[in-house]
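Trainee: Here you go, one structure.
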Amino acid sequence: MKIRKILKGVGIVLAGVILLLGIGYLCLPKGPRETMEFDDPYRTERTLASSDHYMASTGTPWATETALRIMREGGNAFDAAMGAMLSLNVTFNQAASFPSVAPILLYNASTGEVESYIGAGKAPEKATVDYFLSHNMKNVPKYKLVGQLLPASVDVLVSVMKEHGTLSFSDLAADAIRLAREGFPIHGQMLDDMDLSFVERLGLTFLMPYNSKVYFNGSWWNPLHQNERLILSDLADTLQSLCDEEQKVLLAGGTREEGLDAVRAYFYEGPIAEIISEYHAKKGGLITYEDLAAYEGGWEAPLKGTYGEYTIYSNQTWNQGAVVPMVLQMLEGIDLKAMGHNSPEYIHTVLQAIELAMADREAYFGDPAFVDVPVDGLLSKEYAAVRRAMMTPGKAFGEMPPAGDPISYNGSGVASAVLTADSTEVGEKEAAYSFGKDTSYITVIDGQGNAVSLTPSDFPESPMIPGTGLNLGTRMTQFYIDENHVNGLQPGKRPRITPNPSMVTKNGELFMSFGTPGGDSQTQAIVQVFLNVTVFGMDLQEAISAPRFLSLNWPDSFAPHEYCPGQISIEEPLYSETAKAMEAMGYKVNRYREWDNTFGSVCAIIRDADTGHLFGGADPREVSWAEGE
């Protein structure tokens with residue numbers, strides 16, 4: 001009886017506490033915080049942009065305006081792109097935050113050459129397969145510090161500016177600091193990316209209190225609202241500290257290059273490196289001061305393939321970009337136009353080329369500093385013909401097709417071990433909880449014809465560094481916990497990341513600079529927009545806005561590397577027009593709304609080589625914006 005009375009008393013107390021908490025919650029302020037005027041372009045139709053001088057197409061209107069301002073004031077495309085990246089890191093920080101990955105291609109008008117810079121960080125020295133397995137982790141977890149890769153974008157920015165830029169870091173960061181300090185309106189894509197339930201916001205506050213403070217301003221119980229002013233004061237202070245360090249050098253008579261070196265040193269070897277490494281040491285992370293101090297990217301030769309008179313460029317195989325020229329070389333020689341745009345036959349043909357290339361991505365793509373990738377074979381026309389012959393007209397593959405044998409067409413080189421069946425989880429792909437997601441994109445072309453194609457990314461799904469506004473992302477999740485896999489984790493290795501910029505020349509002249517966010521959908525969206533322009537003669541905005549289709553028929557690039565055999569996804573209204581025919585071929589078809597950013601958000605600029613005239617497009621699937629002057 002005594003125990004029963006005690007339990008009854010405890011129950012009454014708990015009920016009282018719950019009632020008081022409920023009343024307290026009802027009394028808390030809700031609804032929009034301070035709002036700002038903003039004509040949000042999210043999921044609204046765009047018109048083709050046009051200019052005779054310079055142009056930018058980026059993930060947000062603010063980043064585009066930064067690029068235009070810099071070129072208006074005399075900066076070149078390289079200055080403008082780096083400034084736009086910093087503004088994007090603020091205004092699209094839930095998807096492309098400072099200071100994480102930044103894969104980049106550059107077109108140098110004075111030499112006519114496309115250049116590539118390595119824009120993905122390395123795994124910390126403590127990041128070993130044994131570490132994760134000993135902690136009962138079969139994959140790299142995305143919600144923990146151990147998922148964080150060494151940051152790359154500061155190295156990218158400084159290296160690009162020293163090689164090609166004309167301005168100081170302080171010039172580039174001015175808009176970003178102002179936007180972070182004064183605030184900007186929460187736009188539709190940010191609202192979608194951070195649409196957390198009450199329980200999720202509560203969980204975030206317990207698991208990552210600083211992340212919650214940054215985005216919900218201490219009032220986690222209140223969801224975000226359209227056009228609310230979001231202020232990122234800690235990030236503004238961090239960017240200002242980098243400017244202050246540069247200004248010390250310049251005021252002492254140092255050169256622009258020495259000022260940029262000071263920015264890099266302050267980040268990778270100075271106070272910021274100390275803050276990051278101390279936090280990791282305190283909270284069980286893997287990044288050390290020595291990792292940061294030793295970090296470097298590097299210039300590299302881009303990879304390339306051809307489609308008719310077009311040459312398509314990508315970074316090396318530390319990202320998936322070379323899939324694009326591989327797919328296009330398989331499709332070269334097939335009369336795609338006769339099939340009809342987005343007809344079932346056309347969709348099937350393009351999907352099969354994509355699936356064949358992605359099977360080779362899984363088998364051969366990895367950090368070329370650690371893996372001997374047979375790139376010459378993968379990008380040879382002879383190998384493309386062999387893979388093309390594997391297509392099965394009118395019938396889906398059903399499962400991911402087997403990888404080919406590019407080594408036979410490579411001349412030399414041996415690939416490491418390939419994907420094994422137990423490396424993935426098979427199932428239906430479902431949208432998982434995520435706080436922030438996606439990636440973003442920037443392209444800029446200036447009046448001299450210089451161009452930049454840049455795909456910055458990373459999202460705050462792991463703890464941000466308190467007091468700094470810095471988010472180091474979770475790109476370690478793109479590794480496999482298997483040293484023998486081409487994309488297997490090793491200390492100092494780069495994961496094969498999904499962000500991949502693209503660039504195209506036509507008969508040796510710059511033709512198009514373009515790219516997109518979207519994980520494994522990126523290469524697929526890029527291929528479809530390119531074909532819409534070059535095969536079907538669409539103007540650039542029409543090519544971007546047209547409905548898309550995607551395959552899921554390979555292991556997802558993000559842990560746990562889920563595999564959905566035979567699945568494809570199609571946007572409306574294309575789904576209604578083609579789904580039955582695709583199912584008859586053996587596909588499992590997922591239906592998506594029109595203009596869903598699952599299918600990417602392409603930004604692009606085309607340059608007419610004869611006139612220098614520029615045409616820009618931006619994707620209605622997000623808040624991206626193209627504009628020229």
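Trainee: Multiplying the sequence separation of GLU182 and TYR131 by 0.36 nm and subtracting their Cα-Cα distance, what value in nm do you get?
Mentor: 14.1 nm
Trainee: Here's another thing I want to ask about it. In whole percent, how big is the carbon plus sulfur part of the accessible area of the chain, probe 1.4 Å, protein atoms only?
Mentor: So the carbon and sulfur contribution to the accessible surface is 54 percent.
Trainee: Any idea what % of Cα-Cα pairs in region 179-293 are farther than 26 Å?
Mentor: On the way: 2637 of 6555 pairs.
In whole percent, the long-distance tail amounts to 40.
Trainee: Hey, another quick one. Could you name the aspartates and glutamates whose alpha carbon sits less than 20 Å from that of LYS337, not counting residues in the same chain fewer than 8 places away?
Mentor: Output for LYS337: GLU309, GLU345, ASP539, GLU542, GLU577.
Trainee: Also: Please list, short to long, the whole-number percent of alpha-carbon pairs of region 264-386 in consecutive 5 angstrom bins beginning at zero.
Mentor: 2, 10, 15, 15, 12, 10, 9, 8, 7, 6, 5, 2, 0
Trainee: Here's something else I'd like to know. If r is the Cβ-Cβ distance from SER343 to TYR289 and R0 is 60 Å, what FRET efficiency results, to the nearest 0.05? If you can, show how the numbers build up before the last one.
Mentor: On the way: r = 57 Å, r/R0 = 0.95.
For SER343 and TYR289, the calculated efficiency is 0.55.
Trainee: How big is the gap, in Å, between the Cα center of region 324-384 and the Cα center of region 166-229?
Mentor: Comparing the Cα centres of region 324-384 and region 166-229, I get a distance of 39 Å.
Trainee: Out of every Cα-Cα pair in region 57-194, what percent are more than 23 Å apart?
Mentor: Working: 4140 of 9453 pairs.
Of all Cα-Cα pairs in region 57-194, 44 percent lie more than 23 Å apart.
Trainee: With respect to the cross-link table entries LYS162/LYS381; LYS126/LYS304; LYS126/LYS381; LYS122/LYS213, which display a Cα-Cα separation exceeding 32 Å?
Mentor: Checking Cα-Cα distances, LYS162/LYS381; LYS126/LYS304; LYS126/LYS381 exceed 32 Å.
Trainee: Relative to the compact globular guide of 2.2 N^0.38 Å, what is the alpha carbon radius of gyration of region 532-597, as a ratio? Working shown, then result.
Mentor: On the way: Rg = 13.7 Å, N = 66, 2.2 N^0.38 = 10.8 Å.
Cα-based Rg divided by the globular estimate yields 1.27.
Trainee: What is the distance, in nm, between label points placed 7 Å from the Cα along the Cα-to-Cβ direction at GLU382 and at ILE334?
Mentor: For GLU382 paired with ILE334, the spin-label model returns 2.3 nm.
Trainee: Something else: What is the distance in Å between the Cα centroid of region 392-409 and that of region 55-115?
Mentor: 38
Trainee: So for region 27-120, what are the equivalent ellipsoid semi-axes in whole Å, largest first, each being the square root of 5 times an eigenvalue of the Cα gyration tensor? Could the numbers behind the result be given before it?
Mentor: Values: eigenvalues 188, 67, 29 Å².
Gyration-tensor ellipsoid for region 27-120: 31, 18, 12 Å.
Trainee: Here is a further query. Of the peptides 184-191, 268-275, how do they stack up when ordered by the mean number of other Cβ atoms within 10 Å, highest first?
Mentor: Taking the mean over residues of other Cβ atoms within 10 Å, the ranking is 184-191, 268-275.
Trainee: Rounded to whole Å, give me the distance from the Cα center of region 232-261 to that of region 544-613.
Mentor: First find each Cα centre; the distance between them is then 43 Å.
Trainee: Sort 167-173, 342-348 for me by packing, meaning the mean count of neighbouring Cβ atoms within 10 Å per residue, highest on top. Numbers along the way, then the final one.
Mentor: Details: 167-173: 23.1, 342-348: 20.0.
So the order, starting with the most tightly packed, is 167-173, 342-348.
Trainee: Pop a pseudo-label 7 angstrom from the Cα along the beta-carbon direction at both GLU509 and ARG229 and give the gap in nm to one decimal.
Mentor: 4.9
Trainee: Still on this structure, please answer the following. Hey, what number do you get for the chain at 222 nm if only DSSP H runs of n ≥ 4 count, each worth -39500 (n - 2.57), divided across all residues, to the nearest 500?
Mentor: Numbers: 21 runs with 236 residues, N = 629.
Computed ellipticity for the chain at 222 nm equals -11500 deg cm²/dmol.
Trainee: Could I ask something else about it? Note down the relative contact order for the chain as a percent, whole number, built from C-alpha pairs under 8 angstrom at least six residues apart. Intermediate values should be presented prior to the final figure.
Mentor: Working: 1481 pairs, mean separation 150.1, N = 629.
Relative contact order, the chain: 24 percent.
Trainee: On average, how much accessible surface per residue is there in the chain, in Å², for a 1.4 Å probe, leaving out ligands, DNA and RNA? All intermediate terms of the calculation are to be shown ahead of the outcome.
Mentor: On the way: 22970 Å² over 629 residues.
Accessible surface, normalised per residue, equals 37 Å².
Trainee: Where a ≥ b ≥ c are the square roots of the eigenvalues of the C-alpha gyration tensor, would you call the chain rounded, which needs a/c under 1.5, or, failing that, prolate if a/b is larger than b/c, or oblate?
Mentor: Judged from the Cα gyration tensor, the chain comes out rounded (a/c under 1.5).
Trainee: Moving to a separate point now. Around GLY398, what is the net charge, scoring Lys/Arg as +1 and Asp/Glu as -1 over all other residues with Cβ under 12 Å from its Cβ? Intermediate results must be reported in sequence, preceding the final value.
Mentor: On the way: positive: LYS395, LYS588; negative: GLU355, GLU399.
Local charge sum for GLY398: 0.
Trainee: What helices in the chain pass both tests, a Cα length along the helix axis of 15 Å or more and a mean Kyte hydropathy of -0.5 or higher, using whole DSSP H runs? Can you show the working numbers first?
Mentor: Details: long enough: 2-27 (38 Å, 1.64); 61-72 (16 Å, -0.22); 77-91 (20 Å, 1.11); 153-164 (16 Å, 0.57); 169-182 (19 Å, 0.13); 233-251 (26 Å, -0.17); 256-268 (18 Å, -0.62); 271-283 (18 Å, -0.35); 344-364 (30 Å, -0.01); 522-534 (18 Å, 0.78); 574-584 (16 Å, -0.24).
Going by DSSP H runs, the hits are 2-27, 61-72, 77-91, 153-164, 169-182, 233-251, 271-283, 344-364, 522-534, 574-584.
Trainee: Give me the one-decimal nm value for the distance between modelled label points at ASN217 and LYS138, 7 Å along each residue's Cα-to-Cβ direction.
Mentor: About 4.4 nm, to one decimal.
The values are calculated or read from the model by the stated rules, or taken from the named source; none is laboratory data. What you see is a predicted model; the values in this text were computed from it and never measured. When we count neighbours, we look across all protein chains shown, and the Cβ atoms used for this are built from the backbone with ideal geometry, even at glycine. Surface areas here come from the heavy atoms of the whole protein model, side chains and all, with no ligands, DNA or RNA. Shrake-Rupley method; radii C 1.70, N 1.55, O 1.52, S 1.80 Å.
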